[in-house]
Amino acid sequence: MDNNNKEFIGKEYKCLDHGFVRLVDYMGDDASIVQAARVSYGKGTKSVSEDTTLIRYLMRNQHTSPFEMVELKFHIRLPIFVARQWIRHRTANVNEYSGRYSEMSDDFYLPELTQIRSQSLVNKQARSEVEIDPHISQNIISSMENSQKESYNEYQDYLEMGLARELARINLPVSNYTEWYWKIDLHNLFRFLKLRMDHHAQYEIQVYAKTIAEIIKQIYPISYQAFSDYILNSVTFSHSELSLLKTKFTNLEFTDEELKSAGLSKSEIIEFKNKIENLK
Ligand SMILES: Cc1cc2nc3c(=O)[nH]c(=O)nc-3n(C[C@H](O)[C@H](O)[C@H](O)COP(=O)(O)OP(=O)(O)OC[C@H]3O[C@@H](n4cnc5c(N)ncnc54)[C@H](O)[C@@H]3O)c2cc1C
C-alpha cells in the first residue's frame, strides 16, 4: 500500500526566485484510495481497470472521503504575501519558520520583468496581460530591490542595537521569504489546486500550485487524471445559464458510438444521456 515513488521525496522543485516545494513524506497511493473505498466489502484492490473505474466514479460523484486516506507533507519556501493567501486553506497542518526564534532570511521576492503588468480593468483583483514599458518596469524592479535592501539593513541595525527579533522584524516587507511544513490530505489538496491553479489566482501562488500538481500527477496518476477530467477542467452552469442553453439544445442527439469514442465509460454514457435529457 505504501509509496514506491521515493524518488520524489526530498527533491527541491524551484518556484519563483528563491522559493521551492519539497515533498518531505507521503502516505498512500492510488491503491490506498481504492482500498479505503472497498472497506465495506473487506476486499482491497482488484484489476487496474476496475480500480481506475472506481476512482473515477468516486471523483465524479464527489465521494471524497477515500481521497482523505492519502496524506502528503511538504516543505515550502515562499514569500510572505503568498503565504498569507495559502494559509487561508484551513484544512491542512502548518508549522512555520519563526521570526521570533530565528533571524529572518535576506531573500526577498522580485517579480520577473514580464510579470510587471498594469492593473486589470476587468478583474479588480488582478494584473492584466499588458506589460508595462520595459524601461519603467526595470525602474520599478530596481526601486523594489532598493527598498527591500534598505529595510533588511534596518532590520540588521535593530538586531545589533539589541532589539528583540520579534520586534526587529515588524517593518520587513511581505516580499520576504518564509518557510513552512505543510501537511494535507489528497482531497483537500485537490481543492487547493482547483482554486490556486486557476487563472483567477495570483500568478505567484499559481506557480506553487502547478509545481505541486506536477508531483501529484506522477504519484497518484489515476486520481490526478480523474481530478483533471471531473474537477479541474469541468465547468458548472448556473440555473439561468442552463435555462438559456436549453433553448438551443432541443435537438441534441448522440449515438453510443460517438459517446464511446469520446472516452466515456458505460456509466458515464448513461449519466451523460440523463443530463442531455434534462437539458431538453
Ligand atoms: C481567486 C481567489 C481570490 C480570493 N480573494 C480573497 C479576498 O479578497 N479576501 C479574502 O479574505 N479571501 C480571499 N480568498 C480566499 C477564499 O475566500 C478562501 O478563504 C480560500 O480560497 C480557502 O478556501 P476554503 O475555505 O474553501 O478552503 P479550506 O479552508 O481548505 O476549507 C475547505 C472547505 O472546508 C470547509 N471548512 C473549512 N473550515 C471550516 C470552518 N471553520 N467552518 C466551516 N467549514 C469549514 C468549507 O466547506 C471549505 O470550503 C480568495 C481565494 C481565491 C482562490
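The values are calculated or read from the model by the stated rules, or taken from the named source; none is laboratory data. All figures in this text were calculated on a predicted structure; none of them were measured in a lab. Positions of Cβ are backbone-derived with ideal geometry, glycine not excepted, and every protein chain shown enters the neighbour counts. Areas reflect the complete protein model, heavy atoms only, side chains present, ligands, DNA and RNA absent. Shrake-Rupley method; radii C 1.70, N 1.55, O 1.52, S 1.80 Å.
In the set 65, 49, which member is assigned by TED's automatic domain parsing to the domain that holds residue 201, out of contact with any strand residue (DSSP E or B) (no Cβ under 7 Å at 6 or more places or on another chain) and loosely packed, with under 11 Cβ neighbours inside 10 Å?
None of the others qualify; the one that does is 49.
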Odd one out for residue 114, checked against (1) open to solvent by 30 Å² or more (accessible area, probe 1.4 Å); (2) of a type in the set (Val, Ile, Thr); (3) part of a strand (DSSP E or B); (4) touching an Asp or Glu at 6+ places or on another chain (Cβ under 9 Å): (3)
Test: residue in the range 72-88 that is free of Cβ contacts under 8 Å to residues at least 24 places away in the same chain, in contact with a strand residue (DSSP E or B) (Cβ under 8 Å, 6 or more places away or on another chain), more than 30 Å from residue 263 (Cβ to Cβ) and not polar (S, T, N, Q): yes
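Taking the range 144-162 as the region of interest, how many residues are open to solvent by less than 90 Å² (accessible area, probe 1.4 Å) and farther than 21 Å from residue 202 by Cβ?
As a first pass, look at the range 144-162 and keep what is open to solvent by less than 90 Å² (accessible area, probe 1.4 Å): 144-145, 147-148, 151-152, 154-159, 162.
In the following step, the residues that additionally are farther than 21 Å from residue 202 by Cβ were identified as 151-152, 154-159, 162.
Counting residues in the range 144-162 that are open to solvent by less than 90 Å² (accessible area, probe 1.4 Å) and farther than 21 Å from residue 202 by Cβ gives 9.
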Criterion violated by residue 194 - all others in (1) within 13 Å of the ligand (Cβ to nearest atom); (2) of a type outside the set (Ser, Thr, Tyr); (3) open to solvent by less than 40 Å² (accessible area, probe 1.4 Å); (4) touching a Leu at 6+ places or on another chain (Cβ under 7 Å) satisfied: (3)
Candidate set: the range 163-186, residues that are buried (at least 16 other Cβ atoms within 10 Å of the Cβ) and aliphatic (A, V, I, L, M); chosen: the one nearest to residue 101 (Cα to Cα): 168
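For the range 79-104, which positions are assigned to a loop (DSSP other than H, G, I, E, B), open to solvent by 40 Å² or more (accessible area, probe 1.4 Å) and either among the polar types (S, T, N, Q) or within 16 Å of the ligand (Cβ to nearest atom) (or both)?
87, 88, 90, 91, 102
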Test set (1) touching a residue at least 24 places away in the same chain (Cβ under 8 Å); (2) not in a loop (DSSP other than H, G, I, E, B) - residue 54 fails condition number: (1)
Filter result (open to solvent by 60 Å² or more (accessible area, probe 1.4 Å) and either assigned by TED's automatic domain parsing to the domain that holds residue 64 or assigned to a helix (DSSP H, G or I) (or both)) within the range 243-271: 244, 246, 247, 248, 256, 257, 258, 260, 261, 266, 270
Enumeration of residues in the range 215-235 that are out of contact with any Lys or Arg (no Cβ under 8 Å at 6 or more places or on another chain) and either within 11 Å of the ligand (Cβ to nearest atom) or farther than 22 Å from residue 48 by Cα (or both): 233, 234, 235
